[in-house]
Structure formats: structure tokens, C-alpha cells
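The values are calculated or read from the model by the stated rules, or taken from the named source; none is laboratory data. Since the model is a prediction, treat every value here as computed from it, not as a measurement. For neighbour counting, all protein chains shown are included, and Cβ atoms are generated from backbone atoms with ideal geometry for every residue, glycine included. The protein model used for the area step is the full one, side chains on, heavy atoms only, and it has no ligands, DNA or RNA in it. Shrake-Rupley method; radii C 1.70, N 1.55, O 1.52, S 1.80 Å.
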Amino acid sequence: GDRPLGRLARPAALVILGAWCLGILLNSGPATAEFGSVDGMLDNEDRAYYLATPEQFRTEEDSCRFLDREVIRALRRGDHPGVRQGVKQAVARCGQSPERRHWLLSALVSQGKYAEAAPVARALIQQPPADRRGHGELARLAGVTLRRTGDPARAEALLRAALKLGQRGCTLLVELAEAQNAQGKTTLAARQLAQAFTCGGSTDASLLLAG
């Protein structure tokens, strides 16, 4: 008489276990969201290392890291004037660093302020950030800047380095062709420009930047 109940007990237990696991998964979103994106991690660091600490107990490092996170947020949302202002505040309080120069260079290039970006790019070439993961983007930004400010030879070397470090894009190939053409390397430039057209097709709007 107990055997039918025994047969039912196992499926019932599995159903209960499945519902419990589903509940955990459904409720885990808010708990894990802070680790699932850059913005979430920035918010978590604010809460853990800045907002949770009374102002009188915050160290200078706490404040500087908070200012840096604000710059990163501005950079991620494309607020280039905000990046420039944030870097200015961070440098005034915490001093200059390769990372702050890198963020500033990104904002200046995005705004087309190449003359202002040139000394920042040159300083970064001499002292890049310790984290090599951003060196490809840095080489691209510096290469674009130096090409637009009259140093095509160094620009070519930087743009080639950017490609080797994993940077991609038709516009990058166009920039490299322009740097080569400015040095009289017309054959190389034509070959590079052909690759750019192959990359994006003749209707790729980014190729209009070649002018």
C-alpha cells in the first residue's frame, strides 16, 4: 500500500526542488547585476568603497578613485565635455596619471581637437598605462592624432601597432593609408586604401573620412 506513495514522492520532490532553483535564479538578477556589467561594477565600488564610508573617514585614495569612476561613466555615455571636466578635477586633486591622460585623449579625439590632443598623445607614448589591455586603442588614438597634426611617420608606426594589437575598422585602414600617402609612399597607400574599400565596400560611409 505504501509503494504508490513512494513512486509519487520522488517526482514531487523534484518539482519542489525545481521550483526552489527557479526561485533562486529569478531573484538572483539584482544581486548579480552589479557584477554583470561595467556600470554595475562601478556602482558596486561606489557603494562599497565610498558611499558606505563616512566622509570624515574617507582616504584621499577613496576620493580619487571615486573621481576616476565618474570620468569612466562620462566616457561610457559619450559625454566628452564631461570627461574633460572630470579629468581636470581628478588631476587637480590627485595628480596626473597615464590612465587620466588616456581618458582625456579619447575625449579630445572624439571631439576632433587634435592640436590639443597632440601633447597628451606624446606624453602617453612616453609613459603608457601599465595595463596593456588598452594599448591597442591608445596606439590608434595617438596615431590618428599625430597624423592630423603633421607627424605622418610616427602616426604610421602607431597605426600599424594598433592593428597588431587587435584594433579593427575600415577607418583605421584609411588613416594608415593617409599617413603613408603623406610620406610619399603612394604605392603602399593605394594598397592600404584598397584593403579599406574591401573591408567596408565602396559605399561604407566611414571611408569618406579619408578626405
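State whether the stretch 126-179 is rounded, prolate or oblate according to the following rule on the C-alpha gyration tensor (a ≥ b ≥ c being the square roots of its eigenvalues): a/c under 1.5 gives rounded; otherwise a/b larger than b/c gives prolate, and the remaining case gives oblate.
Numbers: a/c = 2.39, a/b = 1.33, b/c = 1.79.
Oblate is the answer for the stretch 126-179, as a/c is 1.5 or above yet b/c matches or exceeds a/b.
Give me the number: length gained by fully extending Q85 to R47, i.e. 0.36 nm times residue separation minus the C-alpha to C-alpha distance, one decimal in nm.
Length gained, Q85 through R47: 11.4 nm.
Just to be sure I understand the model, the point goes 7 Å from the Cα along the line to the Cβ. What's the resulting R76 to T198 distance in nm?
Placing both labels 7 Å along Cα→Cβ, they lie 3.8 nm apart.
Suppose R0 equals 25 Å; then what is the FRET efficiency for Q56 and A92 from their Cβ-Cβ distance, rounded to the nearest 0.05?
Rounded to the nearest 0.05, the efficiency is 0.70.
Please give the per residue accessible area of the stretch 63-211, computed with a probe of 1.4 Å over protein heavy atoms only, in Å².
Working: 7680 Å² over 149 residues.
Result: 52 Å² per residue.
With equal scatterers on the alpha carbons only and no solvent term, can you work out the Debye log10 of I(q)/I(0) for the stretch 74-153 at 0.14, 0.19, 0.27 1/Å?
-0.41, -0.77, -1.40
From the phi angles alone, apply the Karplus equation (6.51, -1.76, 1.60; θ = phi - 60°) to the stretch 183-190 and give each ³J(HN,Hα) in whole Hz, x where the residue is Gly or Pro.
9, x, 8, 5, 5, 4, 4, 5
Out of the total accessible area of the stretch 111-182 (probe 1.4 Å, heavy atoms of protein only), what percent is carbon and sulfur?
With neighbouring chains kept in place, the figure for the stretch 111-182 is 48 percent.
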